[in-house]
Each structure stands twice: as C-alpha cells, then as structure tokens.
Amino acid sequence: MKLASVQHGRDGQLVIVNKALTHMVSAHDIAPTLQYALDNWESVKGHLQTRFDDLESGKLEGQAFDQAKCASPLPRAYQWADGSAYVNHVELVRKARGAEMPESFWTDPLMYQGGSDSFLGPREDIVMPQDEGFGIDFEAEVAVITGDVPMGVSAQDALNYVRLVMIVNDVSLRGLIPNELGKGFGFFQSKPSSAFSPIAVTPEELGDAWQDGKLHLPLVSHLNGVKFGEPHAGIDMTFHFGQLIAHAARTRPLETGTIIGSGTVSNKLDGGPGKPVSDGGVGYSCIAEIRMIETIQTGAAATPFMKFGDSVSIEMFDADNQSIFGQIAQTVVKQG
C-alpha cells in the first residue's frame, strides 16, 4: 500500500493513496498520523491495507490527490540516521582530495545522525541564508522507516523491521563540511533539513524490485529541468538496508519511526567513475560527485553547486513508468 501525510498541524494527517497517485482516502479513523500507525502497526496495518485495496479496486472513489499538499510522510521523526552504502561515492570523495580509503570502509558502514525535528515537505523550497558560498547540493537517496528494532539485531533479521520505503533529498552544504569534519565531531550545520518523497510504500507493494534489502530500480534526478542522474539503486550498494539497520542498532535499540538512509546512490562504469547522462552514462545523484570526477580527470571542478533559483527533482519509476513515491521537487531560495 501507499501512504502519505497531507499538511495538517505538526505531524500531518494520514491518507491512503492509490497506485496511480491520483486519488486518496482519509485514514483518520484508523490512524490519524503515520507515527500513530507505526506505533500500532500490527493492529492497524490490515485495516489500512483493506482500505487501500478498496480504493484501488474502485469500491471507494476517494478524492483527488495533490502531491503539492503533502508534508514528508513523517514531518518529524524520532531519529534520522543516514548511511553511506554506495562506497563508490565515498571512494571518489577521498580520491578527489588525494586521500586513501581505509579497507574497513568496505566492511563497516559509515553513518551519521541527522536532524529529524523538521523535515521539508517534498515540494517545499530549500531556504538558505544569504550566502551561496555554502556549496548547496542535493543528494538523491533511498530510505526506510523501521518498527521497534532490538539492540544487537542481525543484519538478516533487521530486514523484518522495515515498515516503509521512501526516497529522499538529503540536502548538503559542501562548503561547510570540511571545517565541521575537521573538528572531529561530525556534521551539524552542513546538513540542513532533508526532504522526503510524498509517498511512503510498503516493501510488499514494491514486488520484485525490493529484494535482499535493496531497491532494484533507477533513481532519477533532474537539475534545472535537465536529467542529471539515473543510477540504479540496486547496483553497487555495498551494504543493504538490513546491514545499515543492524549497524545503527549495534549498541542501542531503535524506536518505531526511525528513518535509515542509504546515502547517495552511485554507480561505477566499467570499474571506474561514472559518466554524465549526456555522455551515455547514468550520471550522478549529487553535484559533488561530478565535481570529484572533474577534479580527478582535469585537476579542477567545473560544475557549480546550486544557486538561488536553481531547482532539483527526484523520482523513481516502476517497470510501467509509473511514479512509485511521487516527486520531490524543490527550488533553492534566499532567506527573507
């Protein structure tokens, strides 16, 4: 089934959306918010599924669904932990600055704890202070929402706690990252509010595209209306979501509603860096990656980071070219 949160108060109001993303029905009498549904998943999932089936079959007519009126499925969450499962991306970052990548990066996931108190809506502007020198970048990723995860869970068992799947724009301020990481305490100012897709989808709804803790479909990004990337999310993913969840739960339990991100989706090409879409490659899921490749190949980055007025869209399509999660579509604007 497909769930969304229309804008309403701090936590949105839960609705059920049909596969075509054209109609919705309220779920308020079953679960007023998505967090409530997750907290009571075993008792409400069947009722939500039945209503989804009735909407899909036409038994319920529903009302028109407008993605622009959606908040993120969880407008705020108890936890947002983002991994870096596509180690190709990490390798390029380090290579661009002449640093060797430790072998442990291939066996032990990277992960940071992001801010989860105020996610952006999928069509909400990316508002930045009056400074374009922050190095404003988008990052197209896949994310999952978990149920209660016990401490010390195995990677295989961790997959049983995946409740919903989404896509995300993990906004990054590249100009602030080096100084923050140099302090040895991790990201904070360099990671402003992220935006999640209008729709959150149960793994069962994804069919064969969801296998072994990976989403086996391309993730498509456009920058200022031009296709920027379509890397395949199921390829070159060194750590599947079960491994990422188990990593996060190694020394603590995870509460229902925890969001775990994949990190920037990134593909190799013939064992080396990828190519832009315009050159026959699958492109990239962030500006930083093409800048890294430019630096490696020519000694200097040429592609600029985002400026005020620039726009980004992120979407994923099924085999019938139907949007699965709806579209994240955002514009960078100057703070008033």
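The values are calculated or read from the model by the stated rules, or taken from the named source; none is laboratory data. Quick caveat, the model's predicted, so the values are computed rather than measured. Using ideal geometry, Cβ is built from the backbone for each residue, glycine included, and neighbour counts are taken over all protein chains shown. These area figures cover heavy atoms from the full protein model, side chains too; ligands, DNA and RNA do not enter into them. Shrake-Rupley method; radii C 1.70, N 1.55, O 1.52, S 1.80 Å.
Scanning segment 291-307 for residues that are under 27 Å from Ala143 (Cβ atoms) and in contact (Cβ under 8 Å) with a residue 60 or more places away in the chain yields a count of 6. For segment 69-98, filtering for residues that are open to solvent by 30 Å² or more (accessible area, probe 1.4 Å) and either within 27 Å of Tyr284 (Cβ to Cβ) or basic (Lys, Arg) (or both) leaves 9. Within segment 77-108, being part of a helix (DSSP H, G or I) and either among the aliphatic types (A, V, I, L, M) or more than 23 Å from the chain's Cα centre (by Cα) (or both) holds for Val87, Val90, Leu92, Val93, Lys95, Ala96, Glu103, Ser104.
Picking from residues in segment 56-73 that are in contact (Cβ under 8 Å) with a residue 60 or more places away in the chain and of a type in the set (S, T, N, Q), the one that is farthest from Asp117 (Cα to Cα) is Gln67.
Tell me, please, whether a residue that is over 15 Å from the mean Cα position of the chain (by Cα), open to solvent by less than 50 Å² (accessible area, probe 1.4 Å) and free of Cβ contacts under 8 Å to residues at least 12 places away in the same chain can be found in segment 163-174. For segment 163-174, residues over 15 Å from the mean Cα position of the chain (by Cα), open to solvent by less than 50 Å² (accessible area, probe 1.4 Å) and free of Cβ contacts under 8 Å to residues at least 12 places away in the same chain: absent. Kindly provide the set of residues from segment 5-58 that are assigned to a loop (DSSP other than H, G, I, E, B), hydrophobic (A, V, I, L, M, F, W, C) and buried (at least 18 other Cβ atoms within 10 Å of the Cβ), ordered by number. Selection gives Leu21, Ala27, Ile30, Ala31.
Identify the residue in segment 303-328 that is of a type outside the set (Gly, Ala, Ser) and not in a loop (DSSP other than H, G, I, E, B) and, among all such residues, is surrounded by the fewest Cβ atoms within 10 Å (Cβ to Cβ). Walk me through it before giving the result.
In the first step, residues of segment 303-328 are kept if they are of a type outside the set (Gly, Ala, Ser); the result is 303-308, 310, 312, 314-318, 320-322, 324-325, 327-328.
Checking which are not in a loop (DSSP other than H, G, I, E, B) leaves us with 306, 312, 314-317, 328.
Values: Met306: 24, Val312: 27, Ile314: 27, Glu315: 19, Met316: 26, Phe317: 15, Ile328: 28.
Filtering segment 303-328 for residues that are of a type outside the set (Gly, Ala, Ser) and not in a loop (DSSP other than H, G, I, E, B), the one surrounded by the fewest Cβ atoms within 10 Å (Cβ to Cβ) comes out as Phe317.
Here the condition is being under 24 Å from Glu315 (Cα atoms) and at pLDDT 95 or above; of Leu3, Leu48, it holds for Leu3 alone.
Checked against (1) closer than 25 Å to Val312 by Cβ; (2) at pLDDT 95 or above; (3) open to solvent by 30 Å² or more (accessible area, probe 1.4 Å), Asp157 meets all criteria but (1).
Only one of Ala301, Ala288 is over 25 Å from Phe196 (Cα atoms) and of a type in the set (Gly, Ala, Ser); which? Give the steps one after another, and end with the answer.
Values: Ala288 fails: over 25 Å from Phe196 (Cα atoms).
When all the criteria are applied, what remains is Ala301.
Matching residues to (1) within 21 Å of the chain's Cα centre (by Cα); (2) in contact (Cβ under 8 Å) with a residue 24 or more places away in the chain; (3) outside any loop (DSSP other than H, G, I, E, B):
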site	(1), (2), (3)
Pro75	yes, yes, no
Tyr112	yes, yes, yes
Asp117	yes, yes, no
Arg123	yes, yes, no
Gly133	no, yes, yes
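Taking Thr331, is it touching a residue at least 24 places away in the same chain (Cβ under 8 Å) and in a helix (DSSP H, G or I)?
It is false that Thr331 is touching a residue at least 24 places away in the same chain (Cβ under 8 Å) and in a helix (DSSP H, G or I).
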